[in-house]
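Let me begin by presenting the structure, written as structure tokens, before commenting on it.
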Amino acid sequence: MVADEKGWWQADLAPYGVKGIKEYVFQTGPPEMQAMMAGDLDVAYVGAAPAVTALSQGLDAKIVVPVQINGSSLVLRPEYKYTGPQDLKGLKIATYPPGSIQNTLLRKWLKENGIDPEKDVTIVGMAAA
């Protein structure tokens with residue numbers, strides 16, 4: 001959004017023959033991939049899980065470079081003591097909706113640590129905004 005506002009996209013892409021861009025804002029990766037599958041996007045900055053899902057559903061594209069390597073963090077209020085994943089049982093965890101990289105990795109991590117994401121915790125979907 002900053003690059004668009006400051007005109008950096010135009011300046012940086014003009015040498016490649018790009019005359020203009022349209023920038024879109026999506027709440028999460030799955031609708032962004034739907035737009036790409038519909039032909040509305042040429043390039044997407046998106047997590048791996050939505051991209052892989054779209055590729056498996058026929059998106060004619062490829063992942064060319066990882067752009068976020070540090071991942072997301074699990075943040076816990078101080079009144080809840082944390083010594084390990086089992087301490088999360090019975091709690092509500094907010095993350096992006098199913099299909100997002102955060103949701104996918106959270107559910108995988110919970111299962112790897114003996115926590116059933118459907119029974120042991122409540123996963124609350126949230127939007128990027």
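The values are calculated or read from the model by the stated rules, or taken from the named source; none is laboratory data. Being a predicted model, the structure only gives us computed values, none of them experimental. Cβ: placed from backbone, ideal geometry, glycine included. Neighbour counts: every protein chain shown.
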Residues of segment 52-92 being out of contact with any helix residue (DSSP H, G or I) (no Cβ under 6 Å at 6 or more places or on another chain), within 30 Å of A38 (Cβ to Cβ) and assigned to a loop (DSSP other than H, G, I, E, B), in sequence order, are Q57, G58, D60, A61, K62, V64, V65, P66, V67, Q68, I69, G71
Counting only residues in segment 119-129 that are in a loop (DSSP other than H, G, I, E, B) and out of contact with any helix residue (DSSP H, G or I) (no Cβ under 9 Å at 6 or more places or on another chain), the one surrounded by the fewest Cβ atoms within 10 Å (Cβ to Cβ) is identified as A129
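Residues checked against (1) outside the structural domain of G114 (by TED's automatic domain parsing); (2) farther than 20 Å from I123 by Cβ:
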{"position": "L13", "(1), (2)": "yes, yes"}
{"position": "I21", "(1), (2)": "yes, yes"}
{"position": "P31", "(1), (2)": "yes, no"}
{"position": "Q34", "(1), (2)": "yes, yes"}
{"position": "Y45", "(1), (2)": "yes, yes"}
{"position": "K62", "(1), (2)": "yes, yes"}
{"position": "T83", "(1), (2)": "no, yes"}
{"position": "D87", "(1), (2)": "no, no"}
{"position": "N103", "(1), (2)": "no, no"}
Note on segment 1-19: residues in a loop (DSSP other than H, G, I, E, B) and either touching a helix residue (DSSP H, G or I) at 6+ places or on another chain (Cβ under 7 Å) or at pLDDT below 80 (or both) are M1
Considering residues that are surrounded by 11 or more Cβ atoms within 10 Å (Cβ to Cβ) and either at pLDDT 95 or above or in contact with a strand residue (DSSP E or B) (Cβ under 6 Å, 6 or more places away or on another chain) (or both), the number found within segment 90-103 is 6
In segment 38-50, anything at pLDDT 85 or above and either crowded, with 16+ Cβ neighbours inside 10 Å or of a type in the set (V, I, T) (or both) is listed as L41, V43, A44, V46, P50
Selection from segment 93-118 of residues more than 30 Å from V25 (Cβ to Cβ) and either part of a loop (DSSP other than H, G, I, E, B) or aliphatic (A, V, I, L, M) (or both) yields N113, G114, I115, D116, E118
L106 vs (1) touching a strand residue (DSSP E or B) at 6+ places or on another chain (Cβ under 8 Å); (2) loosely packed, with under 12 Cβ neighbours inside 10 Å: all pass except (2)
_Tell me whether segment 20-34 contains one or more residues that are surrounded by 10 or more Cβ atoms within 10 Å (Cβ to Cβ) and either touching a strand residue (DSSP E or B) at 6+ places or on another chain (Cβ under 8 Å) or among the aromatic types (F, W, Y) (or both)._
yes
Among residues of segment 51-89 being of a type in the set (G, A, S) and more than 18 Å from G114 (Cβ to Cβ), the residue surrounded by the most Cβ atoms within 10 Å (Cβ to Cβ) is A54
